[in-house]
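Asks: Please see the structure below; I have some questions.
Derivation of every value follows stated rules applied to the coordinates shown; laboratory data play no part. This is a predicted model, so every value here is computed, not measured. Using ideal geometry, Cβ is built from the backbone for each residue, glycine included, and neighbour counts are taken over all protein chains shown.
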There are 2 protein chains.
Amino acid sequence: MPKENKFPKKISDLGEFGLIEYLTQNLSLKNPETIKGVGDDAAVLNFDKKLSLVSTDLLMEGVHFNLAWHPLKHLGYKAAIVNFSDIYAMNGFAKQLLVGLAVSNRFGLEAIEELYAGIRLACEIYGVDLIGGDTTSSMSGLTLAPTALGSVEKGFEVYRSGAQKGDLIVVSGDLGAAYMGLLILRREHEAFKVNPNHQPDLSPYTYVVERQLKPEARKDIVKLLRDLKVKPTAMIDISDGLSSEILHITKQSDKGAVIYENKIPIAPETVLAAEEFNISEITAALNGGEDYELLFTIKQKDYDKIKGNPNLTVIGHITEEKGAYLITNANEKLKLKAQGWNAL
Amino acid sequence: MPKENKFPKKISDLGEFGLIEYLTQNLSLKNPETIKGVGDDAAVLNFDKKLSLVSTDLLMEGVHFNLAWHPLKHLGYKAAIVNFSDIYAMNGFAKQLLVGLAVSNRFGLEAIEELYAGIRLACEIYGVDLIGGDTTSSMSGLTLAPTALGSVEKGFEVYRSGAQKGDLIVVSGDLGAAYMGLLILRREHEAFKVNPNHQPDLSPYTYVVERQLKPEARKDIVKLLRDLKVKPTAMIDISDGLSSEILHITKQSDKGAVIYENKIPIAPETVLAAEEFNISEITAALNGGEDYELLFTIKQKDYDKIKGNPNLTVIGHITEEKGAYLITNANEKLKLKAQGWNAL
């Protein structure tokens, strides 16, 4: 295929500098804050009259993803999204992305192109400029080290620490799907290992699998809250499960919380998958993580502005007394525990 | 030892959130731009009236460092320095640092504390706020993914692309020492592997070994240039060797360069070590890398301002004709090639 001969197929033909140049060619800058992107010692940004936000989240092979079932393009997309999500969780907008990438020699140029195609797609969709990074070799495995930058108008920034007694606890979208997607992918992979002729039929699980492999970040919710003139009192994104995130807000706000099992939004596909695995869908929502929905608190007077919006669900409220509790459908009161990542 | 019982010794006792909290306790913020550091989804910065700079450089075990001879505290220090250096290379000042850290279970809490002690020491000395990061597990090895942020007054930013015909090429400090330090550490490690009773005597090599294990970044040079009212026309830091960096400047400035072998500043300790290894000290300077000195170009009219300064050496000049050349002591003209990292 003559077309394929037009570009080098080996990373070693390009070298480090050539590789970065190759992967970042034709990048157009979308944000006026971005003065200079890829190609110098540092990117240059101009954030006059706004606060800038910056966050980094590592993705390690074998810990955060398994390439046996995670397509590289989706993985690149997810690595970007996970970092954008932290910026939205501050009530700001992601504007720039840097990507540190370490790859072992088992990856060829096409693999890295796939990964970058996903990163670039996420940047395109979310209006983010890819402004730099570092590409290097690794002794084993694939490491993604993205850093997202964003901005927020002064006075609009929202921390985890601002929740007040009586505030309503709100969550976007639905929870637990990404975790069920992971369980399904793992199950199918085990079946494949036992019988390499096993043909997985993932079609009944499209929704939960996609939530795991190619999640979205809730930029739309940050916009919606601006339009509705609602400023959350505290906000966080759900990366480690609802329990863990509620505990972050109550700890940093020095308050407590009560949430209701029957209010937690869970998709029908998540319920079906949970039934198959004989686990409670509430457990998936509380402890599963990787939903990248937004969890936030609002003043009661703002309730009328958000009620009826299908993207937002009130699941409980903030209390003066410390401790975070789940009121079950059987009217039991259970103390929430962080079940997120808890051991190296 | 009762004192040691006061803090947990196992990472698993702390969990991810506890670990970050533990490692970043008692951090005081030094820069007025830093509104919020560690502890939320993103750090918050206020860069009014200045340009912000951001850069990331990964350090992978087995590729960028070898723990057989690299003390963890020095490694943490170096990881920070390497990233600060990119900010100084823009003629700006490093202000904030985020550190992504992935560790396998062969590392205990004390090891990570050592690493962080080095990171914190570098931040202390360079006046940088440690504002966040991510700590996670890894299947194997240690990965450091720092991101440095900085700022520069508008109009003072310096790119790689601004060199003009006739500009003088200047380098800070001396070159090649870090590479010779690496060769010595490798040699002693090989001797130790053959005979575990081998007692390395590194004292004759203190300078070159320290340049490898615990380099410094040239914040002082950026300050000096401000004081002297010299704005470089182009600047880069020397991480991959003088050759590679000269080629970056000439390529991005669309110019050529001539440098002179007898002008390249090399420490006597570097010369001695190179003699022991029977290699040319010029090769170490051109291709060795990791010196983290600044390489920059200035207008000829600024020469009087910098001449006689022991920290700065003029090594050549920029030409209109493309290509970068070394004039040897034998008056040969050799074409410079990038010998930096060139294959994965």
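Asks: Could you please state, rounded to a whole Å, how far the C-alpha centre of the range A:206-274 is from the C-alpha centre of the range A:47-62?
Replies: For the range A:206-274 versus the range A:47-62, the Cα centre distance is 20 Å.
Asks: Cα centroids of the range A:153-186 and the range B:71-127: how far apart, whole angstrom?
Replies: After rounding, the separation between the Cα centres reads 31 Å.
Asks: Let me ask you something else. If I fit a long axis through the Cα atoms of helix B:109-126 and take the longest principal axis of the Cα atoms of chain B, what angle between them do I get, 0 to 90°, rounded to 10?
Replies: With both axes taken from Cα atoms, the answer is about 40 degrees.
Asks: Something else: Take the alpha carbon gyration tensor of the range A:141-279, find the square roots of its eigenvalues, order them as a ≥ b ≥ c, and report rounded if a/c is under 1.5; if not, report prolate when a/b exceeds b/c, else oblate.
Replies: Taking the square roots of the gyration eigenvalues as a ≥ b ≥ c, the range A:141-279 is prolate.
Asks: Placing +1 at every Lys and Arg Cβ and -1 at every Asp and Glu Cβ, with all other atoms neutral, what dipole size does the range B:168-335 have around its Cα centre, in debye to the nearest 20?
Replies: For the range B:168-335, the charge dipole is close to 740 debye.
Asks: Across peptide B:135-143, how many C-beta atoms of other chains are within 10 Å of each residue C-beta, on average?
Replies: Counting Cβ atoms of other protein chains within 10 Å of each residue's Cβ and averaging gives 6.
Asks: Give me a single rounded figure for B:146-155: the average over its residues of other chain Cβ atoms within 10 Å of their Cβ.
Replies: 4
Asks: Under 25 Å Cα to Cα from B:Lys301, which lysines show up? Leave out anything in the same chain fewer than 8 places away.
Replies: Candidates past the 8-residue exclusion: B:Lys154, B:Lys165, B:Lys219, B:Lys223, B:Lys229, B:Lys231, B:Lys251, B:Lys255, B:Lys263, B:Lys322.
Asks: For chain B, which longest stretch is free of loop sites, where a loop site is one of the GluC sites (Glu not before Pro) that DSSP puts outside H, G, I, E and B and that has at most 15 other Cβ atoms within 10 Å?
Replies: It runs B:1-319.
Asks: Output the relative contact order of the range A:12-153, whole-number percent, from Cα pairs under 8 angstrom with separation of 6+ residues.
Replies: In percent, rounded to a whole number, it is 38.
Asks: Enter the mean projected area of the convex hull around the alpha-carbon atoms of chain A, in nm², rounded to one decimal.
Replies: 19.9
Asks: Okay, moving on. Can you tell me the FRET efficiency between A:Lys229 and A:Lys251 if r is taken as the Cβ-Cβ distance and R0 is 25 Å, rounded to the nearest 0.05? Let's see the in-between values first.
Replies: Details: r = 29 Å, r/R0 = 1.14.
With a Förster radius of 25 Å, E is 0.30.
Asks: Which residues make up the longest stretch of chain B clear of trypsin sites (Lys or Arg not before Pro) that lie in a DSSP loop with no more than 16 other Cβ atoms within 10 Å, not counting the sites? Numbers along the way, then the final one.
Replies: Working: sites that count: B:Lys9, B:Lys10, B:Lys30, B:Lys49, B:Arg106, B:Lys154, B:Lys165, B:Lys229, B:Lys299, B:Lys307, B:Lys322, B:Lys337.
Of all site-free stretches, the longest is B:230-298.
Asks: Follow-up. Write down Rg/Rh for the protein assembly as shown, rounded to two decimals, with Rg from the C-alpha atoms and Rh from the Kirkwood relation over Cα pairs. Could you put the intermediate results ahead of the total?
Replies: On the way: Rg = 26.5 Å, Rh = 26.7 Å.
The Rg/Rh ratio comes out at 1.00.
Asks: Determine the shielding of peptide A:32-41 by partner chains: average, over its residues, the number of Cβ atoms on other chains within 10 angstrom of each Cβ.
Replies: If you average over the peptide's residues, the count of other-chain Cβ atoms is 5.
Asks: Given labels modelled 7 Å from the Cα in the Cβ direction, how far is it in nm from A:Glu320 to B:Glu124?
Replies: Rounded to a tenth, the inter-label distance reads 4.3 nm.
Asks: Note down the nm distance, to one decimal, between modelled labels 7 Å out along Cα→Cβ at B:Leu272 and at A:Glu276.
Replies: It works out to 7.0 nm between the two label points.
Asks: Counting alpha carbon pairs within less than 8 Å and at least 6 residues apart, what relative contact order, in whole percent, applies to chain A?
Replies: 21 percent.
Asks: Measure nothing fancy, just the Cα-based angle from helix B:72-88's long axis to the longest principal axis of chain B, in degrees from 0 to 90, nearest 10.
Replies: For helix B:72-88, the angle is close to 40 degrees.
Asks: In addition: In vacuum, with every alpha carbon of the range B:2-153 counted as one equal point scatterer, what does the Debye formula give for log10 I(q)/I(0) at q = 0.14 Å⁻¹? Two decimals, please.
Replies: -0.66
Asks: With contacts defined as alpha carbon pairs under 8 Å and 6 or more residues apart, what's the relative contact order of the range A:285-344 in percent?
Replies: Contact order relative to length: 30 percent.
Asks: Can you tell me how much longer the chain between A:Val194 and A:Glu21 gets when fully stretched, taken as 0.36 nm per residue apart minus their C-alpha distance, in nm with one decimal?
Replies: Here the segment from A:Val194 to A:Glu21 would lengthen by 58.0 nm.
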